[in-house]
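See structure below.
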Amino acid sequence: MNAYHHVRLQLLLDYWRLHRALPPSILPSGAYDRLTDVPGVRVGHYTLADADCQSGVTAIIPADGNLFTDPLPCGVAVLNGFGKSTGLIQISELGTLETPLLLTNTLSVGTCYTALVRHAVAENPDIGRETSTVNPVVLECNDGYLNDIQRLTVSEAMAVEVLATAQSDFARGAVGAGRGMSCFGLKGGIGTASRRIGACMLGLLVLANFGRLPDIRLDGIPCGDVLQQALDAAPAPAECGSIIIVMVTDAPLDARQLTRLAKRAGAGLGRMGSHWGHGSGDIVLACSTDRSGKRLDPESALDDFFRAAADGTEYAVRDALLSAESVRGFRGHQRTALAALLDQLASA
């Protein structure tokens, strides 16, 4: 072990012994440091964990009321577009969100799309007949390393259930859509955070399925080589993962401002060591629950929100990594939990 490697190992172990979880942010968070600190937001999961089947679906309901008749201001940032999500083109054009969000694996997008259509039609029987059609938003990452994705095990019934049972208290880590996801060659999944900006709240949820282990940074510590050696892992392949980031705020931001906000998630990903590789689908959706039609003014007031978005994204990814458990799945493939690996290093 060279001297530089040894120093980084000691920094990493000091970090873990001190915190045993996430270090606190320098920015103030909401009461529970999660997406649902924004009033009215609810989240639900359906988790499939059975041998080769490691997948699921996650619902995000960003606000109460009928989203089709009373949509939310919304913006999208596609950092790298290697993805199969639905609904983003219309959001980019019109700047509104008119359905809840479903997160799932790549080949289950169609199933979840249909579930959202049925959900919207049940609330609005005139859709597609007397009024316009609806724009379902389904966001995805590929969980095919741990999950036999060809089995198409996510069903409409599962999606309908999570839409009906979503609540403010929700699990993180290897749950719902995050069950089969990998992050920096370790176990990824669902992570969350919130940041308070004055009287307003910004909540974030990530579906983390990206990154190469040699590139990872924790609290600014470049520790990928330390973790790769401890894991005794094969050389890392090229970056071909993805991340979905959902931001919800109660601040009066319009669609253009929300698009600017969404782009700042990239700063948080960069702090973790991501470079948005060729095969990576890195997509951010940001919406506001403020339906007043107002906008934040002056524009420079967005700076505090930009800072919160970058910081919250970094924290939410670490939350996904440290909340997840180790999972073995399809063809015996395994992803080790970061917490388990850090415990192993600390006890060595």
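The values are calculated or read from the model by the stated rules, or taken from the named source; none is laboratory data. As the structure is a prediction and not an experimental result, all values here were calculated from the model. Virtual Cβ from ideal backbone geometry, glycine too; neighbours counted across all protein chains shown. To get the accessible areas, we keep the full protein, side chains included, count just its heavy atoms, and leave off ligands, DNA and RNA. Shrake-Rupley method; radii C 1.70, N 1.55, O 1.52, S 1.80 Å.
Annotations for the structure displayed:
- The residue list 150, 186, 163 was ranked by how far each Cα lies along the charge dipole of the stretch 128-190 toward its positive end, using unit charges on Cβ atoms, and 186 comes out on top.
- Using the Cβ of residue 311 as centre and a radius below 10 Å, the other residues enclosed give a net charge of +3, where K and R count +1 and D and E count -1.
- The magnitude of the dipole of the chain, with charges of +1 and -1 set on the Cβ of Lys/Arg and Asp/Glu and taken from the Cα centre, is near 580 debye.
- Helix runs (DSSP H) in the chain reaching 27 Å along axis by Cα, Kyte-Doolittle at least 0.0: 302-323
- Beta bridges from DSSP with both residues in the chain: antiparallel share about 80 percent, rounded to the nearest 5.
- Area accessible to solvent at residue 217, 1.4 Å probe radius, in Å²: 100
- Think of a 1.4 Å ball rolled over the protein heavy atoms: the stretch 27-339 then has 37 Å² of accessible area per residue.
- Separation of the stretch 78-113 and the stretch 229-291, taken as the distance between their Cα centroids, equals 14 angstrom.
- Charge tally around residue 38: other residues with Cβ under 13 Å, Lys/Arg +1 each, Asp/Glu -1 each, net -1.
- Carbon and sulfur %, accessible surface of the chain computed with the full protein complex present, 1.4 Å: 51
- Cβ-based net charge around residue 65, under 15 Å, with every Lys or Arg adding one and every Asp or Glu removing one: -4
- The aspartates and glutamates whose alpha-carbon is closer than 12 Å to the alpha-carbon of residue 84, local same-chain residues fewer than 8 away aside, are 140, 282.
- Label-to-label distance for residue 231 and residue 331 is 1.7 nm, based on points extended 7 Å past Cα in the beta-carbon direction.
- Straight-distance crosslink candidates among lysines, where the alpha carbon sits under 27 Å from residue 294 and sequence neighbours closer than 8 are dropped: 263
- Percentage relative contact order, the chain, counting C-alpha pairs under 8 Å, at least six apart: 25
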